[in-house]
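Presented below is the structure to which this report refers.
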Amino acid sequence: MKLHQRRLLNVSLLVLALLVIVFIQQLNQYTLNNNAFFTGWILLVAVLVLYLFTLRKKITGGKLFLKVSTWMQLHIYVGFFVIALFLFHAGWQMPEGILKQLLYFTFVAETLSGLFGLCITRMLPPCLARNGSVLYQDIKGKQQQIFDDVEQLVEQSLEIKSNTIAAFYQEHLLHFLLKPRDFWPHLFQYKKIIYKFEAEFINLQRYLNEEECEIINKIHVLVVEKNRLDYQYAGQSLLKRWLFLHIPLSYGLLLFAVLHLILVYAYIGGL
Amino acid sequence: MTKVRRPKRWDKPFSKDMSDAIVTRVLSTKALSHLNAGNFSDSLPLSGIIANDTRIVYFKKGEVIVRKGEYGGSAFLTLSGDVAIIKNEVGLEIETKKPTGLFNFFKAAKSTRLLDFPLFTTHNKEEHLTLSPQFQHFIEQYPDNYITLEADSFYGEIAALARGTRTATVFSKTDTEILEIGWQGLRDLMRYDTQIREQVRALYKQHSLLVQLRNTKFLSHLKAEQLQQLNEQSLFENYGKFEWQRSFQKVKNDEDVNSTLKIEPIIAQQGDYVDGLLLISSGFARLSKTINHGEKTIGYLKQGDTFGFDELVHNWRTGEEIDYQHSLRAIGYVDIIRIPTSSIEKYAFAHIDEALLPTLINDHDNLDYDIDTGILEQLVEKRFINGSSTMVIDRHRCTGCDDCVSACASLHDGQARFNRNGAHIDKYAITHACMHCTDPVCLIGCPTGAIHRSGQLGNIIIDDNTCIGCSGCANSCPYENIIMREVFDDSGQALLDEQNGTPLLKASKCDLCIGHGSIPACEQACPHDALKRLDMGNIASFADWFNR
């Protein structure tokens with residue numbers, strides 16, 4: 001199945017599921033059944049389905065389970081379903097009471113983190129690929145190699161009795177080369193940093209002889225590469241780190257949801 | 001640290017039953033009696049090869065010795081009894097395949113069942129597969145369906161030499177005693193003995209020719225004597241080097257985009273007179289068209305494909321004499337069967353239903369599959385088309401979560417069997433994971449047969465018990481997909497060579513998670529549908545994934 005066909009199928013199923021919910025809600029109104037209980041229980045079951053994705057990811061080599069990518073699709077579209085169901089359940093308004101509000105805000109934060117994750121997992125990989133992929137675990141090693149190479153070139157420049165390049169290195173490059181830099185500017189595709197370096201390199205060349213120019217050109221290439229690796233580091237870090245928000249929030253959400261359920265049944269005398 | 005003796009070839013022989021008496025008896029058989037032990041080296045004595053790289057196997061009447069389609073890396077020599085090759089199994093097989101996929105769920109299973117009885121009885125691992133009584137009766141009724149092989153003749157050499165599948169089913173006509181020669185033994189016998197080398201090569205040509213002609217679709221209507229005529233008039237040619245990885249490894253990282261093209265011998269040149277039909281018997285060939293001063297790759301041909309067919313049909317129908325419209329080059333090592341134009345016209349075209357023939361040539365660049373030329377060029381140039389389970393990652397979907405690596409590691413004692421690094425072709429990465437090649441050159445030099453094809457699936461796997469850590473396969477793999485790893489004992493201590501204290505190594509690579517489900521763990525674990533194991537021999541299938 002082509003990806004667009006799959007998307008169409010999933011969206012159709014989602015719309016169908018929501019229509020069924022709306023229909024049952026209408027029916028409940030006529031039969032005087034409590035819609036809050038109906039949507040609440042469906043919501044809890046759907047949220048539990050979302051947790052199954054994490055469980056599936058922990059199982060390797062199973063013959064009976066669907067591929068993780070299929071579970072991921074289920075996770076995404078059940079997630080959308082849960083958002084709509086939550087709005088139905090909450091009655092499109094801010095709830096009263098501390099626990100309900102905690103639950104509400106945790107859900108909103110969880111939803112936003114999920115949507116953010118979905119967006120970046122779809123948008124960042126093509127950008128990172130176009131920039132020339134590099135494995136995350138290799139980035140720091142490569143940057144260290146660049147740092148060592150630049151230091152070596154600077155030492156080379158000192159051997160030819162010139163400290164112009166060394167001074168430039170101390171003033172402009174050392175801080176930049178020490179570790180991954182400019183996390184946020186890279187994420188927003190902010191190119192001013194590298195343009196600034198470009199301009200400084202051009203300016204410096206005015207004061208260098210041919211031998212020094214050769215050295216500074218090599219340093220320039222390494223700086224551009226360091227900047228590229230910084231971009232990779234920023235993008236790939238974000239792709240990994242957003243889960244540190246999404247997953248803990250999901251556990252908080254589950255905790256508040258269970259508390260909410262207990263309290264609801266306690267208040268109606270069901271416990 | 002634990003010091004142990006470094007494992008050596010023949011520590012684990014092919015069979016433990018090859019006593020000196022049996023070795024002497026085997027060497028006195030007609031086919032091997034000419035062998036001169038003096039021609040063999042001290043480190044690889046003739047008696048050692050027979051004792052360690054061969055084994056005696058007994059088959060009862062009706063038992064299958066080799067099954068068509070299975071992978072095998074050994075050749076056979078009948079010591080006593082009669083064996084027979086089933087000539088044309090095509091159409092007799094019962095191949096039932098249920099289409100997969102959500103939308104194919106209700107489709108009926110595809111079946112090519114022509115006989116309403118099973119050809120073979122089910123077997124367990126202990127017993128040989130056996131012809132079913134009905135099939136045995138059917139074959140005996142129609143003796144044209146098999147060829148009896150004389151005693152003391154070799155067979156099974158095609159799969160062993162071409163590193164591919166068995167091309168025909170061979171069964172035992174009587175109770176037989178057979179010498180099975182492992183690939184390593186066959187290789188060394190051929191290396192040290194000219195007569196065996198010539199004999200096996202001649203058989204390889206003769207059998208390949210027969211098999212290829214028999215399995216070619218538009219020749220299937222020919223009668224036995226017509227096929228025999230074609231067989232006699234056809235030429236068997238080979239191009240490229242058997243161990244092609246050496247020349248490829250020298251040029252694969254060249255910046256000159258034509259460097260690999262330069263080491264590919266030309267089989268047929270665009271513009272040449274169409275002197276015959278070329279059938280690819282084994283290997284891969286690049287199909288290209290001249291554009292200005294360069295060559296544009298428009299596809300590749302593999303075993304069973306033909307070259308020049310459209311031109312021949314066009315000339316035969318119109319009376320014109322157009323030349324070859326494309327060039328054909330050997331990628332690696334290629335066996336070709338060349339059927340002269342006059343023979344093909346006389347035997348094949350004169351009796352064929354014209355509806356089966358292709359239309360006249362108009363524009364040959366419009367091939368059926370839809371894949372970007374740049375991608376295709378690079379896949380061919382870097383020879384990734386050799387892979388039957390190539391790990392391809394769509395970098396526009398991969399988030400670098402490493403779930404694939406973790407899944408692999410969790411099934412393989414905490415050590416992943418691949419590296420996500422690899423060549424970038426357009427938005428795809430071809431990673432350093434064993435591709436389970438159609439032509440696995442890593443197998444050629446293995447001294448013990450530790451790296452081998454699994455019988456039915458054809459996956460390339462390494463037997464840790466027989467791997468001696470020589471690094472031969474890792475050095476031979478042109479794609480750098482095999483790595484050497486240190487070996488540890490049960491307590492986690494590294495094993496060292498007792499003589500020089502260096503760490504003992506074993507080759508390690510992807511085994512496609514044999515025994516852990518039909519889809520490898522890496523592909524199963526990818527949450528973003530970014531990773532797929534693709535059969536690059538099936539251009540339509542991978543083009544489909546590329547264009548999803």
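The values are calculated or read from the model by the stated rules, or taken from the named source; none is laboratory data. Keep in mind it's a predicted model, so treat the numbers as computed, not measured. Every residue, glycine among them, receives a Cβ derived from its backbone with ideal geometry; neighbour counts consider all protein chains shown. Areas reflect the complete protein model, heavy atoms only, side chains present, ligands, DNA and RNA absent. Shrake-Rupley method; radii C 1.70, N 1.55, O 1.52, S 1.80 Å.
Determine, yes or no, whether B:ARG397 is within 14 Å of chain A (Cβ to nearest Cβ), open to solvent by 20 Å² or more (accessible area, probe 1.4 Å), in contact (Cβ under 8 Å) with a residue 40 or more places away in the chain and outside any helix (DSSP H, G or I).
yes
Out of all the residues in the range A:62-89, which are among the aliphatic types (A, V, I, L, M) and either in contact (Cβ under 8 Å) with a residue 40 or more places away in the chain or open to solvent by less than 30 Å² (accessible area, probe 1.4 Å) (or both)?
A:VAL68, A:MET72, A:ILE76, A:VAL78, A:VAL82, A:ALA84, A:LEU85 - these are the residues of the range A:62-89 that are among the aliphatic types (A, V, I, L, M) and either in contact (Cβ under 8 Å) with a residue 40 or more places away in the chain or open to solvent by less than 30 Å² (accessible area, probe 1.4 Å) (or both).
What residue, of A:LEU158, A:LEU153, A:LEU174, is on the phi < 0 side of the Ramachandran plot, assigned by TED's automatic domain parsing to the domain that holds A:LYS196 and in contact with a Lys or Arg (Cβ under 6 Å, 6 or more places away or on another chain)?
Exactly one of A:LEU158, A:LEU153, A:LEU174 is on the phi < 0 side of the Ramachandran plot, assigned by TED's automatic domain parsing to the domain that holds A:LYS196 and in contact with a Lys or Arg (Cβ under 6 Å, 6 or more places away or on another chain), namely A:LEU153.
I need the full set of residues from the range A:137-163 which are touching a Phe, Trp or Tyr at 6+ places or on another chain (Cβ under 6 Å) and away from chain B (no Cβ under 14 Å), in order please.
Listed by number, the list holds a single entry, A:VAL154.
Quickly run through the range A:229-247 and pick out the residues that are more than 12 Å from the chain's Cα centre (by Cα) and either more than 14 Å from chain B (Cβ to nearest Cβ) or open to solvent by less than 10 Å² (accessible area, probe 1.4 Å) (or both).
If the condition is that a residue be more than 12 Å from the chain's Cα centre (by Cα) and either more than 14 Å from chain B (Cβ to nearest Cβ) or open to solvent by less than 10 Å² (accessible area, probe 1.4 Å) (or both), then A:LEU229, A:ASP230, A:GLN232 are the ones that fit.
State which residue is modelled with the lowest pLDDT when the search covers only the range B:68-93 and only residues that are surrounded by fewer than 17 Cβ atoms within 10 Å (Cβ to Cβ) and within 13 Å of B:THR167 (Cα to Cα).
Out of the qualifying residues, it is B:VAL90.
What number of residues in the range B:495-526 are touching a residue at least 60 places away in the same chain (Cβ under 8 Å), away from every other protein chain (no Cβ under 14 Å) and either over 22 Å from B:HIS432 (Cα atoms) or of a type in the set (A, V, I, L, M) (or both)?
So the answer is 7.
Which number in (1) in contact with a Phe, Trp or Tyr (Cβ under 9 Å, 6 or more places away or on another chain); (2) open to solvent by 50 Å² or more (accessible area, probe 1.4 Å) marks the one condition that B:ASP463 misses?
So the condition that B:ASP463 fails would be (1).
Name the pairs whose Cβ atoms lie under 9 Å apart, with the first residue in the range B:444-462 and at positive phi, the second hydroxyl-bearing (Ser, Thr, Tyr) and assigned to a loop (DSSP other than H, G, I, E, B), and 6 or more positions between them or separate chains?
B:GLY449/B:THR466; B:GLY458/B:SER388; B:GLY458/B:THR438
Name the single residue, out of those in the range B:301-344 being under 19 Å from B:LEU210 (Cα atoms) and of a type in the set (D, E, K, R), that is most open to solvent (accessible area, probe 1.4 Å).
This residue is B:LYS302.
B:PHE488 passes all but one of (1) more than 14 Å from chain A (Cβ to nearest Cβ); (2) over 25 Å from B:ASP426 (Cβ atoms); (3) at pLDDT 90 or above; which number fails?
(3)
Tell me, yes or no, whether the range B:208-222 has at least one residue that is assigned to a helix (DSSP H, G or I) and among the small types (Gly, Ala, Ser).
Checked against the condition, which is being assigned to a helix (DSSP H, G or I) and among the small types (Gly, Ala, Ser), the range B:208-222 yields at least one hit.
Conditions tested, residue by residue: (1) of a type in the set (Ser, Thr, Tyr); (2) at pLDDT below 90; (3) assigned by TED's automatic domain parsing to the domain that holds B:PHE284; (4) not in a loop (DSSP other than H, G, I, E, B).
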position: B:CYS442; (1), (2), (3), (4): no, no, no, yes
position: B:GLY455; (1), (2), (3), (4): no, yes, no, no
position: B:ASN465; (1), (2), (3), (4): no, yes, no, no
position: B:ILE468; (1), (2), (3), (4): no, no, no, no
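Can you pull out every residue in the range B:34-60 that is assigned to a loop (DSSP other than H, G, I, E, B) and open to solvent by 70 Å² or more (accessible area, probe 1.4 Å)?
Residues satisfying the conditions are B:ASN36, B:ASP42, B:SER43, B:LYS60.
Regarding the range A:115-137, can at least one residue be identified that is polar (S, T, N, Q), over 28 Å from the mean Cα position of the chain (by Cα) and part of a helix (DSSP H, G or I)?
No, that holds for no residue.
Among the residues of the range B:237-291, count how many are assigned to a helix (DSSP H, G or I) and of a type in the set (Ser, Thr, Tyr).
The number of residues fulfilling the criteria is 3.
So is A:LEU103 touching a residue at least 12 places away in the same chain (Cβ under 8 Å), touching a His at 6+ places or on another chain (Cβ under 6 Å) and open to solvent by less than 30 Å² (accessible area, probe 1.4 Å) or not?
Spelling it out, A:LEU103 is indeed touching a residue at least 12 places away in the same chain (Cβ under 8 Å), touching a His at 6+ places or on another chain (Cβ under 6 Å) and open to solvent by less than 30 Å² (accessible area, probe 1.4 Å).
If you take the residues of the range B:156-195 that are more than 22 Å from the chain's Cα centre (by Cα) and not polar (S, T, N, Q), which of them is nearest to B:LEU443 (Cα to Cα)?
Among those residues, the one meeting the criterion is B:TYR192.
Report yes if A:ILE120 is within 14 Å of another protein chain (Cβ to nearest Cβ) and in contact (Cβ under 8 Å) with a residue 40 or more places away in the chain, otherwise no.
Yes; evaluated as a whole, the condition is true for this residue.
What is the number of the single condition among (1) touching a helix residue (DSSP H, G or I) at 6+ places or on another chain (Cβ under 8 Å); (2) surrounded by fewer than 18 Cβ atoms within 10 Å (Cβ to Cβ); (3) away from chain B (no Cβ under 14 Å) that A:TRP41 does not meet?
Status for A:TRP41: all satisfied but (1).
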